[in-house]
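Just so it is clear, none of the values below were taken in a lab; they were calculated from the coordinates. It should be emphasised that the depicted structure is a prediction, and the values quoted were computed from it without experimental measurement.
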Amino acid sequence: MKLFTVLCSLFLLSCTSTEKKEVSNKTDKKFVPDMDVASGMTLLMRSMYDVHEGIKKDIQAGNTPSDFPKEFLKIFTAKLTDDKPYNDTFKAFSKVYIDNERAIFDAESGIPLKNRYNNAINTCISCHTTECVGPIPRIEKLLIN
Ligand code: HEC
């Protein structure tokens with residue numbers, strides 16, 4: 001149990017430190033070589049964030065997104081920071097997330113598009129509540145009111 005707590009706080013620490021780095025990168029526009037290499041999972045998450053900014057704009061403009069971004073399936077295989085183990089909770093959340101994400105692109109669904117979209121974003125947030133709380137305020141901005 002102790003080890004688990006330690007692992008969890010390491011997780012949180014690594015997430016918080018990447019968040020801080022991002023903020024300082026924004027104020028300093030010069031190219032600064034980044035000494036720690038971002039994990040595959042971090043890169044995937046950043047691209048998932050950007051793609052959803054686009055999907056949100058699309059939906060707000062009245063368009064219906066049609067192609068599920070297949071690169072999101074990398075969530076099942078991407079490497080976590082410092083080779084953190086890919087545990088069962090993470091696997092379970094990833095599966096629910098991918099199912100909810102696919103629902104956005106389901107042309108036959110009877111559920112309003114906005115609800116399906118927000119549902120997927122809420123799954124991002126649920127996983128982050130257990131795995132990495134740092135980016136939650138940013139992810140909440142992806143929700144459509
Ligand atoms: C299955 C759990 C899970 C799901 C679902 C998930 N995330 Fe993440 N996310 C993580 C973990 C874990 C990290 C930290 C990655 C690492 O340390 O390698 C992370 C990191 C991030 C980061 C920070 C990247 C950085 O620059 O440090 C952002 C932003 C992010 N996620 C956004 C999202 C968005 C948007 C979604 C939904 C579209 C999402 N996440 C879905 C677990 C998840």
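Longer than 27 Å from Cα to Cα, which of LYS57/LYS84; LYS95/LYS141; LYS57/LYS91; LYS57/LYS79; LYS84/LYS114; LYS56/LYS84 are they? Say none if no pair is. Can you show the working numbers first?
Numbers: LYS57/LYS84 34 Å; LYS95/LYS141 23 Å; LYS57/LYS91 29 Å; LYS57/LYS79 30 Å; LYS84/LYS114 34 Å; LYS56/LYS84 31 Å.
Beyond 27 Å: LYS57/LYS84; LYS57/LYS91; LYS57/LYS79; LYS84/LYS114; LYS56/LYS84.
How much length, in nm to one decimal, is gained on full extension between ASN63 and SER109, taken as 0.36 nm per residue of separation minus their Cα-Cα distance? Working shown, then result.
Numbers: separation 46, 0.36 × 46 = 16.56 nm, distance 1.54 nm.
Stretched fully, the ASN63-SER109 segment lengthens by 15.0 nm.
Based only on Cα atoms, what Rg/Rh ratio does the stretch 49-93 have, Rh being taken as Kirkwood's radius? Display every interim value, and only then the final one.
Details: Rg = 14.5 Å, Rh = 12.8 Å.
Ratio value, two decimals: 1.13.
Based on the Kirkwood radius over alpha-carbon pairs, what value in µm²/s does the Stokes-Einstein equation return for the translational diffusion coefficient of the stretch 101-145 at 10 °C and 1.306 mPa s?
Working: Rh = 11.1 Å.
Diffusion coefficient, whole number: 143 µm²/s.
Report, please, the projected area of the stretch 83-123 averaged over directions, based on the convex hull of its C-alpha atoms, in nm².
Computed as one quarter of the Cα hull surface, the answer is 3.3 nm².
Report the full-extension gain for the segment GLU140 to VAL37: residue separation times 0.36 nm, less the Cα-Cα distance, to one decimal in nm.
34.5 nm
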